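One structure is given here, and the rest of the page talks about it.
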Amino acid sequence: MPGLIRGVARTAIVAGTATAVSNRVTRRQRGRWAAQGYDPYGPQQASYAAPPPAPVPPPPPPASGTPDPDMSARIEQLKQLGELKAQGVLTEAEFEQQKQRLLNG
């Protein structure tokens, strides 16, 4: 049992010392970076975030001389939705929702 207590105490001392040294190094680096006007731990812009998905473009104006301009516009919008889904801009659920809105509206 004394060996176990000694091992636990040694581990606690090593861990405490490592934590203290790490904190001191971090504080020293922050001080140096602050003097240079750079703070790596401060607020940062998320440059890795993906841009928000593009909104579905409005339907094009109906062309004259077509038999059913409303249906042509719907077909064109469905094609655009399909392209957005193929590009990964729209998820399957978003695609289905927009498709139903077009077909029912």
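Values in this text are rule-based calculations from the coordinates and carry no lab data. Keep in mind it's a predicted model, so treat the numbers as computed, not measured. Reconstructed Cβ throughout: ideal geometry from the backbone, glycine too, with neighbour counts over all protein chains shown.
For the range 1-41, the Kirkwood hydrodynamic radius comes to 12.2 Å, computed from all pairs of different C-alpha atoms.
Under unit Cβ charges (Lys, Arg +1; Asp, Glu -1), what dipole magnitude, rounded to 20 debye, does the range 1-41 have relative to its Cα centre?
So the dipole magnitude of the range 1-41 works out to roughly 120 debye.
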